[in-house]
Amino acid sequence: MIKASHHPFLIWIFNLFTRIIIYLKFNKVFIIGDTDVPKSSVLVINNHFSWWDGFFINYLNNKLWKKTFYVMMLEEELEKRKLLSRGGAFSIRRNHSSTAASFIYAKNILKNNNSNLLLMYPQGKLQAQATRYLHFEPGIKQLSIKTEAPIKMVVTLIDYFGSPRPSAWLYIKDLKFDPDQSVSIEKNFNDFMDECIEDHNENTEL
């Protein structure tokens, strides 16, 4: 696996690039929901439908939480963009002998330092924004149980309305996951995504 290796100057460049590119390419960015700063490390799970997704979570982190950013990426994708490992990306290979090592690495990120933020896309692949149910890959439940890290669910929605540039809506909800209950993290996230879409369709104006 490819491990993260934060480089202060490159992180500064990544953060600056995030601010500039979102400012230039988007009309507005709306942040809605549970924006409080966790005292411990935090696991962020997000719908994954575009090139922009990691930038939006980095934007949220820089604006709200100010934690050390990590993101789990497929190894074949990180191999193409190894520089991202200097900004907090590390790799996972699905159905491979190294998969367990990636989850141990993720567990240590969440357990060993309260100032860390770990971003994961549990569906494990890009899927269209219009997809109404996301099926999660195995591993997220055990990671949550072993670390007891708070989970922030983030649903990103993008619309144009009357503007030539799109706007982004970042909906955030804290998940108080109880492994003894029958409702899975997958079901909790999809229920929240349905709520966001319904609210977005009924109440959004520009």
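Selection over segment 107-140 of residues that are in contact with a helix residue (DSSP H, G or I) (Cβ under 6 Å, 6 or more places away or on another chain) and outside any loop (DSSP other than H, G, I, E, B) gives a count of 8. The residue of segment 19-52 that is nearest to K67 (Cα to Cα), among those that are small (G, A, S) and surrounded by fewer than 18 Cβ atoms within 10 Å (Cβ to Cβ), is S40. Of the numbered criteria (1) at pLDDT 95 or above; (2) among the acidic types (D, E); (3) in a loop (DSSP other than H, G, I, E, B), the one E195 fails is (3). S85: part of a helix (DSSP H, G or I), buried (at least 17 other Cβ atoms within 10 Å of the Cβ), touching a Phe, Trp or Tyr at 6+ places or on another chain (Cβ under 8 Å) and not aromatic (F, W, Y), yes or no? No: the conditions fail for S85. Pairs meeting the criteria (first residue in segment 9-28 and farther than 15 Å from W51 by Cα, second residue loosely packed, with under 15 Cβ neighbours inside 10 Å and among the aliphatic types (A, V, I, L, M), beta carbons under 8 Å, at least 6 apart or on different chains) are L10/L83; N27/L206; K28/L206. Looking across segment 88-106 at every residue that is assigned to a loop (DSSP other than H, G, I, E, B) and not hydroxyl-bearing (S, T, Y), the one that is surrounded by the fewest Cβ atoms within 10 Å (Cβ to Cβ) is identified as N95.
Within segment 38-75, the set of residues being of a type in the set (D, E, K, R) and either in contact with a Lys or Arg (Cβ under 9 Å, 6 or more places away or on another chain) or not in a loop (DSSP other than H, G, I, E, B) (or both) comprises D53, K63, E75. Screening K146 on (1) exposed (fewer than 13 other Cβ atoms within 10 Å of the Cβ); (2) without any contact (Cβ under 8 Å) to a residue 40 or more places away in the chain shows it passes everything except condition (1). Scanning segment 150-206 for residues that are among the β-branched types (V, I, T) and crowded, with 18+ Cβ neighbours inside 10 Å gives I151, V154, V155, T156, I172, I185.
The values are calculated or read from the model by the stated rules, or taken from the named source; none is laboratory data. The structure presented is a predicted model; accordingly, all values stated were derived computationally and were not measured. Cβ: placed from backbone, ideal geometry, glycine included. Neighbour counts: every protein chain shown.
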